[in-house]
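Novice: Structure below; questions to follow.
The numbers here are math on the coordinates, done by the rules we state, and not lab data. Since the structure is predicted, the reported quantities are computational estimates derived from the model, not experimental observations. A quick note on method: Cβ atoms are made from the backbone with ideal geometry, for glycine too, and the neighbour counts reach across all protein chains shown.
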Amino acid sequence: MSNKHFDAIVIGAGSVGLPIAYYLTLEGLTVLVLDSESSPGQGQNKAAIGGVRATHSDGAKITLCLQSLDFYSTFEEKTGIDLGWVPGGYCFPVYREEEEKVLKGILPTQKSYGLNIDWVGPDRIRELIPGINENGLRGGTFSPGDGQVSPLKYAAALWKVSKDKGCEYHFQEPVTGLMMKAGKIKGVKTAKGAYYAEIAVNAAGGAAREIGLMAGIDILVIPDSHEAGISAPMERFFDPLIVDLRPGPEGKTKNFYFGQNDRGQVIFCYTPLAPILGTNRECTSEFMPILARRMIDLIPRLKNMLIRRVWRGLYPMTPDGIIILDQVKEVKGFYLAVGMCGQGFMLGPGVGRNMASFILSGKPIIPRDVFDSVSFYRDFYAGRKEALK
Ligand SMILES: Cc1cc2nc3c(=O)[nH]c(=O)nc-3n(C[C@H](O)[C@H](O)[C@H](O)COP(=O)(O)OP(=O)(O)OC[C@H]3O[C@@H](n4cnc5c(N)ncnc54)[C@H](O)[C@@H]3O)c2cc1C
């Protein structure tokens with residue numbers, strides 16, 4: 001076999017491409033990973049703040065993220081490589097009746113998929129987040145099994161462990177075309193030449209649609225941008241990642257979320273009320289003042305925090321906010337692991353394990369009906385049609 005022939009080619013060495021390549025390699029396949037950037041994780045992976053939670057309302061996200069949590073929390077023990085894992089859980093403090101209703105309303109679904117989560121009173125929230133604003137605090141949810149990981153360490157580690165097992169990586173080599181014959185994948189093209197394989201996995205994040213169009217398939221993944229930032233290190237005083245679901249008083253933000261990483265740095269992000277569509281990654285001047293006001297209102301003692309850096313990255317969004325894992329029916333051997341929205345990092349290892357199993361045996365690891373809920377062939381607008389009625 002020449003080095004132009006592989007069992008599988010993964011397009012994208014990001015949050016999900018890396019673990020897919022890793023698990024396929026572990027199964028004994030010869031795997032080539034191609035990425036436009038110069039090293040692993042340089043797409044949206046490095047924009048993530050590293051939150052890893054199985055606290056979702058969607059069954060597929062819960063089950064996949066539970067598998068990711070198992071991967072992240074045991075990785076160092078198994079490989080000796082530190083990922084910056086902080087097992088502090090996720091806490092959603094609540095001040096208003098509406099958020100209390102929503103969060104309590106989804107608890108039965110979350111528990112039915114095996115998530116360890118409960119509603120806790122204000123005293124417990126105060127213990128979890130010392131110094132939290134107590135004015136009107138009603139309680140909140142806490143899921144102790146969730147945590148945080150460094151996206152930079154994760155990408156470097158996955159690249160190393162998969163390479164050690166024989167996976168081949170080509171960086172600065174964007175895929176420019178797909179080769180197909182009689183409705184089957186035959187390989188991919190780059191500026192440097194052609195590579196042959198009967199399996200190609202689209203894990204190209206924000207560029208997933210471009211890659212799909214190379215096979216004549218329109219994949220509705222449209223990026224919108226989100227900003228984040230990180231403080232200088234300080235003494236650790238809270239463990240959970242905190243999500244404040246209230247809309248911001250300034251009328252521009254939905255929720256905001258932050259955590260304190262293994263170095264004591266506070267790492268934070270917010271969700272703009274109106275999505276900022278497109279791929280512009282320049283920071284705005286309004287992000288830091290808005291975020292600072294929200295954070296100081298929630299935990300006043302953070303007022304002296306020194307900010308080290310801000311950045312902006314993309315959420316590869318689908319119309320219904322749910323990911324896509326599937327095999328393309330029109331082109332045999334063409335697989336999709338795309339549309340990771342704002343959760344690709346926490347989903348990564350779970351997606352990798354399930355996609356490898358699906359590619360090899362046609363069966364995912366999570367229950368089939370749950371996997372089918374993230375099919376490429378679902379009605380992406382069904383939820384919206386309901387909402388419009
Ligand atoms: C500010 C911010 C904070 C976030 N925080 C979190 C968080 O706390 N937790 C979480 O789970 N998620 C978070 N996310 C979301 C997360 O970053 C993404 O969902 C995730 O990185 C998407 O993974 P991916 O593998 O699909 O894409 P990427 O990681 O972007 O990987 C795609 C790869 O494909 C490559 N590529 C593109 N086109 C080509 C081509 N033609 N040929 C070859 N390679 C190509 C890119 O270079 C890239 O490396 C956050 C995102 C942002 C912006």
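Novice: Scan the stretch 115-125 residue by residue and report those that are closer than 29 Å to Ser68 by Cβ and either surrounded by 16 or more Cβ atoms within 10 Å (Cβ to Cβ) or in contact (Cβ under 8 Å) with a residue 60 or more places away in the chain (or both).
Specialist: Leu115, Ile117, Trp119, Val120, Ile125
Novice: Another question, then. Restricting to the stretch 11-22, and then to whatever is within 15 Å of Lys160 (Cβ to Cβ) and more than 14 Å from the chain's Cα centre (by Cα), can you tell me which residue is surrounded by the fewest Cβ atoms within 10 Å (Cβ to Cβ)?
Specialist: Ranking the candidates gives Tyr22 first.
Novice: Quick one: in the stretch 171-186, of everything that is surrounded by fewer than 15 Cβ atoms within 10 Å (Cβ to Cβ) and touching a residue at least 40 places away in the same chain (Cβ under 8 Å), which residue is nearest to the ligand (Cβ to nearest atom)?
Specialist: Top of the filtered list is Gln172.
Novice: Ok, one more. Given the condition surrounded by 15 or more Cβ atoms within 10 Å (Cβ to Cβ) and more than 18 Å from Asn255 (Cα to Cα), answer yes or no: does some residue in the stretch 126-135 qualify?
Specialist: Within the stretch 126-135, one or more residues are surrounded by 15 or more Cβ atoms within 10 Å (Cβ to Cβ) and more than 18 Å from Asn255 (Cα to Cα).
Novice: Let me ask something else. How about the stretch 7-56: which of its residues are basic (Lys, Arg) and either without any contact (Cβ under 8 Å) to a residue 60 or more places away in the chain or closer than 30 Å to Asp118 by Cα (or both)?
Specialist: Within the stretch 7-56, Arg53 is the sole residue that qualifies.
Novice: Report yes if some residue within the stretch 83-98 is closer than 30 Å to Ile132 by Cα, acidic (Asp, Glu) and away from the ligand (no atom under 14 Å from the Cβ); otherwise report no.
Specialist: yes
Novice: Please give the number of the condition Ile290 fails out of (1) more than 15 Å from the ligand (Cβ to nearest atom); (2) over 23 Å from the mean Cα position of the chain (by Cα); (3) not charged (D, E, K, R).
Specialist: Every listed condition holds for Ile290 apart from (1).
Novice: A follow-up question, please. Kindly state which strands (runs of 3 or more DSSP E) lie completely within the stretch 304-389 and contain at least 1 residues that are away from the ligand (no atom under 16 Å from the Cβ).
Specialist: Qualifying strands (runs of 3 or more DSSP E): 324-327.
Novice: Additional query: Considering the stretch 187-218 alone, what residues qualify as being in contact (Cβ under 8 Å) with a residue 24 or more places away in the chain, more than 9 Å from the ligand (Cβ to nearest atom) and touching an Asp or Glu at 6+ places or on another chain (Cβ under 9 Å)?
Specialist: Within the stretch 187-218, Gly187, Ala197, Glu198, Ile199, Gly212, Ala215, Gly216, Ile217 qualify.
Novice: From the list Leu336, Leu347, Leu302, exactly one residue is more than 18 Å from the chain's Cα centre (by Cα) and among the aliphatic types (A, V, I, L, M). Which is it?
Specialist: Leu302
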